[in-house]
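A.B. asks: Below is the structure I would like to discuss, written out as structure tokens.
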Amino acid sequence: MIIFHQTAAISNYVENQHRNGLHTGFVPTMGALHEGHISLIRQSGEANNITICSIFVNPTQFNNPADFANYPSTLEKDIDLLEASGCSALFLPNTSSIYPDGYKTIHYPLGYLDSVLEGSFRPGHFQGVCQVVDRLLQIIPATNLYLGQKDFQQCMVIRALIDYKKIPVKLHIGATIRESDGLAMSSRNMRLNAEERQRAVQIYRTLTFIRDHFHTHKLKDLQEQAIIQLKQAGFKIDYVSLCNDKLEAQERWDGESIVQALIAAYLNEVRLIDNMCVSN
Ligand code: AMP
């Protein structure tokens, strides 16, 4: 695996692959890699000649400075995992090469997508996500982009960014990878102590509860039950939402639309998110 620090060097590398008729896949990450990230690397490896991963903890997407300061970093282990999974190149930029002109605020017209769920609880978060992905795709103009369903709303936001900026990349969404008890893998799980880690699985249990009762209960009742379950497990809830594929909250099922349950909640200082398709 080749490791790049300079933007010009990795841009040349990617352009050379394209000149030789090869396809490139790109997996942007913030490091502290786990099987969720590696599944995207493998998905890319199966469909592309070259797979590029980036590790950059993007300051502009953190609305909470403590979350940024505490973001885990495990670079040596990340490099070993990437090499073992067949990743071709790793881009490890510093902040000034991603933001040569400082953190200039750019406004991306995300509209409704930026105002609900994560957008409403983390103001500015998706603007920061768009800023970094927009920049990374300029540096790494890959054929294919791989994102995880774990960050469902983020996938929709990046789809909107690609459409809006007409970026010539194809978006692929990989399934959420879970621990054996169902907890969605996340770099933030490292911040849970043993007791919190045991309780964290309740998010998954509540999502499966909603899915298992979807066809026999009112959505409003399921949402209320979910809130009770999470509170009993000690969570402080940001939201429990049942939405259609446009992220519009659903009060009742129309019998056709795909319904997604989305949860964001804190266990002490650690904020966890997860989602599941509950209608089929
Ligand atoms: P992050 O490093 O958290 O910014 O995540 C980088 C990419 O990995 C994003 O596209 C995430 O959605 C994806 N990802 C994170 N956790 C998982 C998971 N458990 N399963 C699948 N993809 C994931």
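Please treat every number below as a calculation from the coordinates, not as lab data. It should be emphasised that the depicted structure is a prediction, and the values quoted were computed from it without experimental measurement. Virtual Cβ from ideal backbone geometry, glycine too; neighbours counted across all protein chains shown.
A.B. asks: In debye to the nearest 20, how big a dipole does segment 1-128 give about its Cα centre with +1 on each Lys and Arg Cβ and -1 on each Asp and Glu Cβ?
C.D. replies: Dipole magnitude for segment 1-128 comes out near 220 debye.
A.B. asks: At most 10 other Cβ atoms within 10 Å and a DSSP loop assignment: could you name the trypsin sites (Lys or Arg not before Pro) in segment 128-191 that fit?
C.D. replies: Within segment 128-191, the qualifying trypsin sites (Lys or Arg not before Pro) (loop, at most 10 other Cβ atoms within 10 Å) are Lys166.
A.B. asks: Okay, moving on. Let me know the shape class of segment 210-257, please: from the alpha-carbon gyration tensor, a ≥ b ≥ c as square roots of the eigenvalues, rounded when a/c is under 1.5, otherwise prolate if a/b is greater than b/c, or oblate.
C.D. replies: In terms of gyration-tensor shape, oblate.
A.B. asks: At Glu224 and Asn20, where each label point lies 7 Å from the Cα along Cα→Cβ, what is the point-to-point distance in nanometres?
C.D. replies: With each label placed 7 Å out from Cα toward Cβ, I get 6.3 nm.
A.B. asks: Next question, about the same structure. What ranking of Cys53, Cys243, Cys155 emerges when the number of other C-beta atoms within 10 Å of each C-beta is taken as an exposure proxy, fewest first?
C.D. replies: The order, fewest Cβ neighbours first, is Cys155, Cys243, Cys53.
A.B. asks: Hey, if you put +1 on the Cβ of every Lys and Arg and -1 on every Asp and Glu Cβ in segment 140-226, which of Ile158, Thr216, Ala175 ends up farthest toward the positive end of that dipole?
C.D. replies: My answer, from the dipole projection, is Ile158.
A.B. asks: Oh, and also: By a straight-distance test (C-alpha under 23 Å), which lysines pair with Lys231 as possible cross-link partners, with residues fewer than eight away in the same chain excluded?
C.D. replies: Within the straight-line limit of under 23 Å, Lys231 reaches these lysines: Lys150, Lys218, Lys220.
A.B. asks: Check Gly148: other-chain or 5+ apart residues with amide H under 5 Å from its amide H, H built from backbone geometry?
C.D. replies: Gly174
A.B. asks: Among Thr216, Thr143, Thr105, whose mean-square fluctuation peaks in a Gaussian network model of the chain (Cα, cutoff 10 Å)?
C.D. replies: With Cα springs under 10 Å in the chain, the top fluctuation among Thr216, Thr143, Thr105 is at Thr216.
A.B. asks: Still on this structure, I have one more. Across every pair of different alpha-carbon atoms, what Kirkwood hydrodynamic radius in Å does segment 24-177 reach?
C.D. replies: Averaging 1/r across every pair of different Cα atoms and inverting gives 15.9 Å.
A.B. asks: FRET efficiency for Glu35 and Trp253, Cβ-Cβ distance as r, R0 = 51 Å, nearest 0.05?
C.D. replies: In this case the efficiency is close to 0.95.
A.B. asks: Would you tally the net charge around Met276, using a Cβ to Cβ cut-off of less than 12 Å, leaving Met276 out, and scoring K and R as +1, D and E as -1?
C.D. replies: Every neighbour counted, the sum reads +2.
A.B. asks: How big is the dipole moment of segment 224-280 about its Cα centre under a simple scheme where the beta carbon of each Lys and Arg is +1, that of each Asp and Glu is -1, and everything else is neutral? Debye, nearest 20, please.
C.D. replies: 240 debye
A.B. asks: Loop-only check: which GluC sites (Glu not before Pro) in segment 184-280 are DSSP coil with at most 14 other Cβ within 10 angstrom?
C.D. replies: Glu248, Glu251, Glu256, Glu269
A.B. asks: Can you pull the one-decimal nm distance between simple spin-label points at Ala47 and Tyr103, each 7 Å off the Cα toward Cβ?
C.D. replies: Computed distance between label sites Ala47 and Tyr103 equals 3.3 nm.
A.B. asks: Among the chymotrypsin sites (Phe, Trp or Tyr not before Pro) within segment 80-130, which fall in a DSSP loop and have no more than 13 other Cβ atoms within 10 Å of their own Cβ?
C.D. replies: Qualifying residues, ordered by number: Tyr103.
A.B. asks: What percent does the relative contact order of segment 1-137 come to when contacts are Cα pairs within less than 8 Å and at least six residues apart?
C.D. replies: Once divided by the residue count of segment 1-137, the mean separation gives 31 percent.
A.B. asks: Taking 22 Å as R0, compute the FRET efficiency from the Cβ-Cβ separation of Ser96 and Ser11 and round it to 0.05.
C.D. replies: For Ser96 and Ser11, the calculated efficiency is 0.85.
A.B. asks: Based on the Cβ-Cβ distance of Cys277 and Ala69, what FRET efficiency does E = 1/(1 + (r/R0)^6) give at R0 = 51 Å, to the nearest 0.05?
C.D. replies: Efficiency for this residue pair is about 0.90.
A.B. asks: Can you list the residues, at least 5 places off or on another chain, whose amide H is less than 5 Å from the amide H of Asn63, using H built in the peptide plane?
C.D. replies: none
A.B. asks: Describe numerically, in nm with one decimal, the distance between label points set 7 Å from Cα along Cα→Cβ at Arg199 and at Asp163.
C.D. replies: That separation, rounded to one decimal, is 4.0 nm.
A.B. asks: Still on this structure, please answer the following. What percent do you get for the relative contact order of the chain when only Cα pairs under 8 Å and 6+ apart count?
C.D. replies: It comes to 17 percent, rounded to a whole number.
A.B. asks: Taking a ≥ b ≥ c as the square roots of the Cα gyration tensor eigenvalues, with a/c under 1.5 meaning rounded and otherwise prolate when a/b beats b/c, else oblate, which class fits segment 1-106?
C.D. replies: Oblate, since a/c reaches 1.5 and b/c is not below a/b.
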